[in-house]
Amino acid sequence: MRSGSTSSNQAREAPAAAHDRPAVGTMIVAAPYTGWWVGLVLGFIVVAVVVVIVAILLTLAGRIADNARKASDRLPVVRDQTDALQDVRHINESAISVLRSARAARKALTGS
């Protein structure tokens, strides 16, 4: 009868031992892959950040291109408006000539 009770004790212990083994085995198997998962997650984060930065840069480049196109289209209008500034030198020369003539006339009239 002793042998029967021993096998019954072994039967009770077997499930407990089988239950403990997978948990330990799982930890041992999972431990080497933890670095890979961390690396993959960090890699995906880095790629996502780069994609966001590139998208922002492309958006800003599009805005800059639109502004450059508008400025280029308005350039002839600005040129037409500033062409008159070239005549300022001639106007100044004429004003100086008028001033000299006025001084000469005053001198002739006053006698001084």
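A short reminder: the numbers here are calculations on the coordinates, not readings from a lab. What you see is a predicted model; the values in this text were computed from it and never measured.
Rounded to the nearest whole Hz, the Karplus-based 3J(HN,Hα) values (6.51 cos²θ - 1.76 cosθ + 1.60, θ = phi - 60°) of region 83-100 follow the sequence 4, 5, 5, 5, 7, 4, 4, 5, 5, 5, 4, 5, 5, 5, 5, 5, 4, 5, with x at glycine and proline.
Computed extension length for Asp73-Arg103: 5.9 nm, one decimal, from 0.36 nm per residue of separation with the Cα-Cα distance subtracted. Residue by residue, region 61-66 carries 3J(HN,Hα) couplings of 5, x, 5, 4, 5, 5 Hz when phi is fed to the Karplus relation 6.51 cos²θ - 1.76 cosθ + 1.60 (θ = phi - 60°); x denotes Gly or Pro.
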